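A short worksheet on the structure shown next.
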Amino acid sequence: MSLQWTLIAGFLYLEIAVVLLLVLPIASARRWNSFFKSKFLQVLQRQAGFYFLILLAILVLFLLDAIREMRKYSNLAADEHGHAHLDREMQGSMRLFRAQRNFYISGFALFLSLVIRRLVILISNQATLEAQSEASMRQAQSATTAAKSLLAQRGEVAQNDSNEAHDKEVIELKAKLVKVQDELKLEKKDKNALKEQADNLAKEYDRLAEEHSKLQKKLTVGYGDKKDE
């Protein structure tokens, strides 16, 4: 294998290892995203698009060269079939095998380059979505806590209002009770005064009746004495 194809094969093995690292659950999306946004990769990211296009162009060139070699040795094998010596035929088959091998190496390297780029984008988006989801959850939890505290405060205010209304009603009832008690006291005083007045009238009536009876007796006695004379 020539030097350039050895490098491409090594690059393919490196891509396979990178794909396995990204696919296997070795690290979370956040850790990969923090690794992607590290200072070293941030410096490379400024020209990553340019480097990626150069890499794709190189792989496409090697892929086209492998396709050309495959067509070349396929045509030679078809033209010399049955007319060439065994050694020459084996050399042609070996070159065709190498061309096919180079085709698969360059093709898989190109394909895995696109896959790695897509995986990096998807992992970064997943980490961003997870961060946004956690932020939304925290906001929702804080909003729920604030709503609960607000409802609790409103409940306390309503309870205080009801307590104040109850206290006010109790005060009004106490005032009415005191007023009724005062009225009852006044009525008792009036009743006692009327009772005393009635007792005095009864005593006065008894006294007058007694005097009246005494006067009648005197009159009766005086009339009898006059009659005897």
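Computed values, structure above
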quantity: Qualifying residue in region 144-152 (condition: closer than 30 Å to Leu20 by Cα, of a type in the set (Gly, Ala, Ser) and either modelled with pLDDT of 80 or more or surrounded by 11 or more Cβ atoms within 10 Å (Cβ to Cβ) (or both)); calculated: no
quantity: Residue, modelled with the lowest pLDDT, within region 79-109, restricted to residues that are charged (D, E, K, R) and surrounded by 12 or more Cβ atoms within 10 Å (Cβ to Cβ); calculated: Glu80
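The values are calculated or read from the model by the stated rules, or taken from the named source; none is laboratory data. Given the structure is predicted, the values throughout are model-derived calculations rather than measurements. We place every Cβ from the backbone using ideal geometry, glycine too, and count neighbours over all the protein chains shown.
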